[in-house]
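One structure is given below, encoded as structure tokens.
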Amino acid sequence: MKNLMRYLSMRLLLTIPMLLILLTVVFIVMRVIPGDPVSAMLGDHAPVKFVAEKKHELGLDKPIWEQYIDYLAQLSRFDLGRSMILQEAVTAPILEKLPATIELTLTGLLVALGIGIPLGAWAAKNRRSVGDFTARLYGNIVYCIPVFWMGLILQMIFGVAFDWLPIAGRVGSRVMSSDFEQTGFYLVDTLLKADLKAFTDVAIHLILPALTLGITLSGIFLRLTRANMLDNLKSDFVLAARARGLPEGKVVYGHALGNAFVPVLTMLGLQFAVLLSGAILTETTFSWPGMGRLLLERIYLRDYPTVQGIIVIFALFVSVISLLVDIIHALIDPRVKY
């Protein structure tokens, strides 16, 4: 326990320079690319006098190093700043959009695990069969497919051709989110309100975006599960279980799969960042009102504080999830020592 606490303390300390490096890169990149918030607000043909006054008001006429120091001082007070475009606290749109992104990301992760792990275990059990070849082919194909392309294909098939599922938004036009919105997590809110009609509508709107994220990531978990299952099926404890006469299903899915899940759990923490980046493209494709769409909108408007605030939140989420995965890894695998 003492070693684990020391490890956690070091990880938390290392998060600070990681965030600092990330924010520095974002800060510099946002200011060197063409365009600025003043041009986005006033247009390219605004009088020079008005442009200069607005830049002075926003502090954009200062040297970049001075702007950077001011931003770090502001961040040290746990203040993400105010939007240069809408003149509102950066935390306001983030808190509004964050639940939608978390809901989509977690649902997509469940889909990825629900497809990848069982299919990888089954492929390992039936090694070198037609089913194993088909499963591996599926894993390679979905791994190479861009997220937005997968989303468009699912929209065309299930939304346009068959008209089974909605292709945009979180709720339908006949459901008012204001009637049940409390936490921002619509699945939770509709259950708290015991509104089955609204819950069904929210769940149906979530299917295609979650499938898009889940299918594209399922190939990674399939290949990782299959590779580790093959190693475990050759292990002594599996041979001993078979020698004791245990059913093959229990040996494969009880003993071998349980041990193969440890590296999958480690990969889960690494893939959370991929899930968040995939959510940006998925939200754009499905008009999902989350952090991804907010980030793209504010990048287009050159709203520096909001973009930097969103990056901070994304980085914190990835760090926290990675830390939790490490803790769970230590708890379920006694061989791990920190």
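The values are calculated or read from the model by the stated rules, or taken from the named source; none is laboratory data. Quantities reported herein were computed from a predicted structural model and do not represent experimental measurements. Virtual Cβ from ideal backbone geometry, glycine too; neighbours counted across all protein chains shown.
Tabulated values for the structure
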| item | result |
| --- | --- |
| For Gly108: the one exception among (1) out of contact with any helix residue (DSSP H, G or I) (no Cβ under 7 Å at 6 or more places or on another chain); (2) in a helix (DSSP H, G or I) | (1) |
| Qualifying residue in segment 191-209 (condition: small (Gly, Ala, Ser), in contact (Cβ under 8 Å) with a residue 40 or more places away in the chain and surrounded by 21 or more Cβ atoms within 10 Å (Cβ to Cβ)) | no |
| Lone qualifier among Ile153, Ile167, Ile204, Ile220 - being assigned to a loop (DSSP other than H, G, I, E, B) and out of contact with any Lys or Arg (no Cβ under 9 Å at 6 or more places or on another chain) | Ile167 |
| Subset of segment 51-80 [β-branched (Val, Ile, Thr), at pLDDT 75 or above and either in contact with a helix residue (DSSP H, G or I) (Cβ under 7 Å, 6 or more places away or on another chain) or not in a helix (DSSP H, G or I) (or both)] | Ile64 |
| Test: Ile115 is surrounded by 15 or more Cβ atoms within 10 Å (Cβ to Cβ), at pLDDT 90 or above, in contact with a helix residue (DSSP H, G or I) (Cβ under 8 Å, 6 or more places away or on another chain) and farther than 20 Å from Val202 by Cβ | yes |
| From the options Leu206, Leu246, residue that is among the aliphatic types (A, V, I, L, M) and within 26 Å of Gly292 (Cβ to Cβ) | Leu206 |
| Of the criteria (1) outside any helix (DSSP H, G or I); (2) touching a residue at least 24 places away in the same chain (Cβ under 8 Å), which one Gly245 fails | (2) |
| Within segment 122-131, tally of residues that are more than 29 Å from the chain's Cα centre (by Cα) and part of a helix (DSSP H, G or I) | 3 |
| Filter result (in contact (Cβ under 8 Å) with a residue 60 or more places away in the chain and among the small types (Gly, Ala, Ser)) within segment 83-139 | Ser83, Ala100, Gly108, Ala112, Gly114, Gly116, Gly120, Ala121, Ala123, Ala124, Ala135, Gly139 |
| Test: residue in segment 219-238 that is in contact (Cβ under 8 Å) with a residue 60 or more places away in the chain, charged (D, E, K, R) and closer than 30 Å to Gly159 by Cβ | yes |
